[in-house]
Amino acid sequence: MKTTLKLVAGLCFALAIASARAQDSQEKPGAEFRISYLRGTQKLHDLQASPMIYYTTYNGLNLDYKRITEKNRWEFGLEAKTGNMIAPELGEREFQIEEGGDSFVLIPSQYFGEIRAGYQRQVSSKSKSQGYLGGMIRDEFYYADGLAMNTWSMNSLEFAARYSHFVELGKKHRIEGDVILPLVAFTARMPYSNVVSQPEKSQAKAFLEESEFASIGTYQHPEIQLSYRYHLAHRSGLEFRYSLDWLHYSEPRSIKKSNHEIALAWVYFFQFAHH
Amino acid sequence: MFTYKLKTTGSIALSLALLGFSSCNETMLGEQPAATPTSSFEVLWSEFDQNYSLFELKNLDWQAVHEEFAPKVTDQLTDDQLFDVMSEMLAKLNDGHVWLVKPNPGFRRYDSGPEFPEGTFSLDLIRGELSEEKVFGPDDEPMMVYGKFKNTNIGYLYLDNLGEAPGFYEEQMKTAIAYLKTTDELIFDARGIEGGDDRSAQVVAGFFAENRELYMKTRFKNGPGHSDFGDWIFWYVNPAKSTFLKPVVVLTDRGTGSAGETFTLAMRKNENVTFVGNFTYGAFSDNPKTELPNGWIVAMSRGDFRDDAGISYEGIGLEPDQLVINTPEQVANGMDRAIQAAFGVLLGN
């Protein structure tokens, strides 16, 4: 874990020094590419899977690309995360298939991530701050094998409103706050029976075919992000980000989930133009 | 200037911090049941009450079961005493897909279904009679064995399980059938198939099908009521591209369970097939697991599986055309009466 952090930080600084040689300019970047190392904790209470709360401390990687004009911002991004699921109340449990058989410790691994695309339009602009309002489409997927010895999965395609506010603190510092609120979601969860079995269909297809639309009345998944960005040089910056989201969906049985996440990112600016 | 700007973001940061702290509070995630014996017992009982699919089929009054067993559970019970009470309660279901496990230290497993004698089938006995043998998987625990019996043109095909994805069996069966095409008859030994994927069972049966036929319908619990089920799902056996339509005997016994039984259901629609051996086990439905507040894990049937006529064989098993029951003593002495009867059927054709 420490080695990974050092590697990411080292990479960021090396790239920052290299790009610091770039010529300074009054031009503003028309695009940026951001790579982030993610570290977080997910707490999951899915009554469809278990009456107990599972914690997943995870690592992950986020990549995103933003296209920026004076009034518009487009974003495309993806991220992947993985970690082991532990129910603190249950601890590590060692089972056997049968008495006298080989034993194994039941610690499911969870794999999850998202793909997103969004657009925002500037709605306020002062000398040192701007606000952007828009929407995003985001697909979040989760998979774990071995949660209570079952397969656990969820997929949610969300259509969300998003507001972002930037505050410039001098030439090199910027703080950004984001609020994301899904309004409608197309969600697939394990069915009430926890069985996905259809003739002549893959399990993934049978699972996704059970997706249902949910509105904000039954599906709540607000997210807030706060980030601090330091401009290292003309073409690069470092960013520290904290995000928190909370999910509640009631069908077929209640699922509640929260994520706390921090991210350390290196940002590369390009396609400079006079604004 | 920096201080001034912090005012703009200060409220956001404070809100975030407050929300962050409050999210640590488990009220945002809901409460967990206590890990006491009484709580674990109640969760076990209610999980079955809301999810078990065969109460009506078994004509079992689950509320009466609660009234019988709940008074036996107190928070003073030891783990082993609680396990005994729970096992006694689950015995009422008499369901081969219901089991309970308690983790180490002191691992215990309880199976609710009926027990049958072991040692009534030996693959090694048969392998000794094959003149040519093809094996897939480890030689001592093969996933698939096929070949020809010595001095005959009768083929033999054994499947250990149906636990892999359908594509796996499609490839393996294609190879096996290409080899077995030169035989005049075939014995398909399903006595080792304890379970697997029903879709794989469907694929394997397709290699012996002449026509597309409905063989099974399934439905699954979709609510807490004992009769809350989703729509029926219809399963058809579809002829594969390369088929074996000569006479086939399928051998079954009490070790043929779950997906092995849905395979047997599918093979019953194929006219060239005769069934010899013992009844199948009688546990058809998928059985997802759930866990209790004390960390124990329990599996239960959550589906309703019927043949094409709507008959359920849960707890009964599928009856062969010719009932031949091996005893462990016969098998230990090198005798497999079921395979002898299969020869009788094929040579009598």
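Within segment B:163-207, the residues that satisfy the criterion of being under 22 Å from the mean Cα position of the chain (by Cα), surrounded by 23 or more Cβ atoms within 10 Å (Cβ to Cβ) and more than 14 Å from every other protein chain (Cβ to nearest Cβ) are B:Met173, B:Phe188, B:Asp189, B:Ala190, B:Arg191, B:Ile193, B:Phe207. The number of residues in segment B:215-253 that are more than 18 Å from the chain's Cα centre (by Cα), closer than 30 Å to B:Lys148 by Cβ and either open to solvent by 10 Å² or more (accessible area, probe 1.4 Å) or facing chain A (nearest Cβ under 9 Å) (or both) comes to 9. The set of residues in segment B:99-136 that are among the hydrophobic types (A, V, I, L, M, F, W, C), open to solvent by less than 20 Å² (accessible area, probe 1.4 Å) and away from every other protein chain (no Cβ under 14 Å) comprises B:Ile126, B:Leu130.
Counted as qualifying within segment B:1-94 are the helices (runs of 4 or more DSSP H) with 2 or more residues that are modelled with pLDDT of 90 or more and within 14 Å of chain A (Cβ to nearest Cβ), namely B:37-51, B:79-91. Of all the listed residues (B:Lys148, B:Lys92), the sole one being touching an Asp or Glu at 6+ places or on another chain (Cβ under 8 Å), surrounded by 17 or more Cβ atoms within 10 Å (Cβ to Cβ) and farther than 21 Å from B:Glu261 by Cβ is B:Lys148. Residue-level check: of (1) out of contact with any Phe, Trp or Tyr (no Cβ under 6 Å at 6 or more places or on another chain); (2) open to solvent by less than 70 Å² (accessible area, probe 1.4 Å), B:Glu68 misses just (2). Residues that are more than 13 Å from chain B (Cβ to nearest Cβ), more than 24 Å from A:Ala160 (Cβ to Cβ) and open to solvent by less than 10 Å² (accessible area, probe 1.4 Å) are absent from segment A:254-268. Against the conditions (1) within 14 Å of chain A (Cβ to nearest Cβ); (2) under 30 Å from B:Ile339 (Cα atoms); (3) hydrophobic (A, V, I, L, M, F, W, C), B:Val298 satisfies every one except (2). Condition first: small (Gly, Ala, Ser) and exposed (fewer than 13 other Cβ atoms within 10 Å of the Cβ). Now tell me which residues in segment B:311-342 satisfy that. The answer is B:Ala332, B:Gly334.
Summed over segment B:268-310, the residues that are among the acidic types (Asp, Glu) and crowded, with 21+ Cβ neighbours inside 10 Å give a count of 3.
Check A:Ile137, A:Ile97 and return the single one that is within 14 Å of another protein chain (Cβ to nearest Cβ), surrounded by fewer than 16 Cβ atoms within 10 Å (Cβ to Cβ) and of a type in the set (A, V, I, L, M). Exactly one of A:Ile137, A:Ile97 is within 14 Å of another protein chain (Cβ to nearest Cβ), surrounded by fewer than 16 Cβ atoms within 10 Å (Cβ to Cβ) and of a type in the set (A, V, I, L, M), namely A:Ile97. The residues of segment B:179-212 that are within 20 Å of A:Ser202 (Cα to Cα), of a type in the set (Val, Ile, Thr) and out of contact with any Leu (no Cβ under 8 Å at 6 or more places or on another chain) amount to a single one, B:Val203.
The values are calculated or read from the model by the stated rules, or taken from the named source; none is laboratory data. Here the structure is a predicted model, which is why all the values come from computation and not from measurement. In this analysis, Cβ positions are derived from the backbone assuming ideal geometry, glycine residues included, and neighbour counts consider all displayed protein chains. Only protein heavy atoms, including side chains, enter the accessible area calculation; ligands, DNA and RNA are left aside. Shrake-Rupley method; radii C 1.70, N 1.55, O 1.52, S 1.80 Å.
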